[in-house]
1. Against the longest alpha carbon principal axis of chain A, how many degrees, from 0 to 90 and to the nearest 10, is the axis of helix A:41-59 turned?
2. Highest mean first, what order results for B:88-94, B:151-157 on Cβ atoms within 10 Å?
3. Between A and B, buried accessible area summed over both sides at probe 1.4 Å, in Å² to the nearest 100?
4. Which three extents, in angstrom, do the Cα atoms of the stretch B:110-237 have along their principal axes, listed largest first?
5. Summing -39500 (n - 2.57) over the DSSP H runs of n ≥ 4 in chain A and dividing by its residue number, what mean residue ellipticity at 222 nm do you reach, to the nearest 500 deg cm²/dmol?
6. To the nearest 20 debye, what is the magnitude of the charge dipole of the stretch A:3-279 about its Cα centre, counting +1 on the Cβ of each Lys and Arg and -1 on the Cβ of each Asp and Glu?
7. Consider just the alpha-carbon atoms of the protein assembly as shown and return their Rg together with their Dmax, both in angstrom.
8. Which whole number of Å³ per residue matches the convex hull of the alpha-carbon atoms in chain A?
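The values are calculated or read from the model by the stated rules, or taken from the named source; none is laboratory data. Since the structure is predicted, the reported quantities are computational estimates derived from the model, not experimental observations. As a convention, Cβ positions derive from the backbone with ideal geometry for all residues, glycine included, and neighbour counts pool all protein chains shown. Note: areas computed on protein heavy atoms with side chains; ligands, DNA, RNA excluded. Shrake-Rupley method; radii C 1.70, N 1.55, O 1.52, S 1.80 Å.
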Amino acid sequence: MDLAIFLVQLLNGLQYGLLLFLIASGLTLVFGVMGILNLAHGSMYMVGAYLAWYFFQGTESFLFSAVISAVIALMLGVLIERTLICRMYKRNHLDQVLLTIGMIFVFNALQSLLWGNDPLGVDVPDALSGSLHLTGVVEYPVYRIFVALFCVAIAAALYFVINRTRLGMLIRAGESNREMVECLGVDISRLYTIVFGAGVMLATIAGVVAAPMASIVPGMGEHVLISCFVVVVIGGMGSIKGALVGALLVGVVDTFASVVVPDVASMIVYILMAVILLIKPQGLFSN
Amino acid sequence: MSTHLLEVRGLHTLYGASHILHGVDLCIEPGQAVSLMGRNGMGKTTTLKSLLGVVTPRSGEVSFKGQRLDALPTWQRMRRGIAYVPEGRGMFHNLTVREHLQMANRPNDRGETQWDYDRVLALFPRLGERLDNLGTQLSGGEQQMLAIGRALLTNPDLLILDEATEGLAPLIRKEIWDVIRLIKQSGISTLIVDKNIQVLKTLCDQHVVLVKGRVAFSGNSQQLLENMSEVESYLSV
């Protein structure tokens, strides 16, 4: 592998990893703070991509599509938490898994009903089309660089909210001792609604920004969900920092594996996960 | 309308099939300190958790400032002006001392702020030296100070302390009792669960002793002194 290919693959891996982080951060936040295993999290990624396509058809504006999709996602997240997830807090993980698997079927059926099963695509916004010359011979799409920087900005914002704001303190406290948070006069239900809504919004935004880079197809949610679980398990369930490190690891390893050892590429990340679990059974940054 | 700050009537609480509280009654007047005593497993913490709504009683009434609390979730009861320092101190493993105090800080239900961050640090100067440490990195005494400071920052009318001096060295224990006296003098009512009857008989105005989930003794400090041998028999192992 020459340096040019290596550089492009490294960028691809980092960009894919950062996108995975955007999705996995919501999954790990909802699990860490609320103790909820949400298998329908991948469906929110799919919903984001389809919403982006739908609004882009009508408006031709990617920015408008992204904003309106994020707002709808937040409302959808709040609705799901208030009507379904709130009934799961005192139930075990198996019940949560059954409910959220059921939600996957519902979202897939709705997607098929509303938008059909043909692959769809969204154009890269004009302002972000084209490529950047990294070296004399190496070019890299501007949109992919934008997605990577956007994900870094979201990660920084998430870090700021979790570590530097009162809301973040309450979220961390809720993760540590729910009963005590309530005993300080904090409405933990509202906190959970905010966290779940934010988690859904993060996954949906990931779907929106991924839409111009990937085919929008049925089942895209399940595929990304499995990768996200690998990320969350590697990073440690409930750890945002772990999700970032895990996502970058999975992104880079998966990308290089499909170039270097394409025949066995699909199993490399699982081998990586198994090795990390052998060394650190709770994941890299478990709480 | 009742003049009681807190009024608990006929509290029955069950854990599964185990009947823990058998009709507990408890009253606290504004500004009063009330002790709740009893041997281990007699229902003291269950009484606190029942009146806070952390566990749901089978029956009974809880009123605070003349308003019924029974139908309210825990957080809304606390917002009415109750603060709780739990047994074990309830530290958050992932929050620093500063964050423990900042996240709890709010005015009371009348919008007043008698206790703020600086006043709590003045009361507990040792916390000021450990602001960037995690709550769980503190010594037992410091954790207790943090738990009390955090509770005060919610600007309560009633402070409930569950085994606040348990497991502490004698000097630290004395320091905590001195702080509780100061809190009482500042006008905050207190409900104190502890085993140290020698301190409680002078610190508190009213005393309640539980035996097997029932009120075995209830009276003021004078009545406590008059019935000391009977009360001590309820408390001895």
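1. 60
2. The densest-packed peptide leads the list: B:151-157, B:88-94.
3. 1900
4. 48, 35, 24
5. For chain A, the value works out to -25000 deg cm²/dmol.
6. For the stretch A:3-279, the charge dipole is close to 800 debye.
7. Computed over the Cα atoms of the protein assembly as shown, radius of gyration and Dmax are 28.2, 97 Å.
8. Convex hull of Cα atoms, per residue: 140 Å³.
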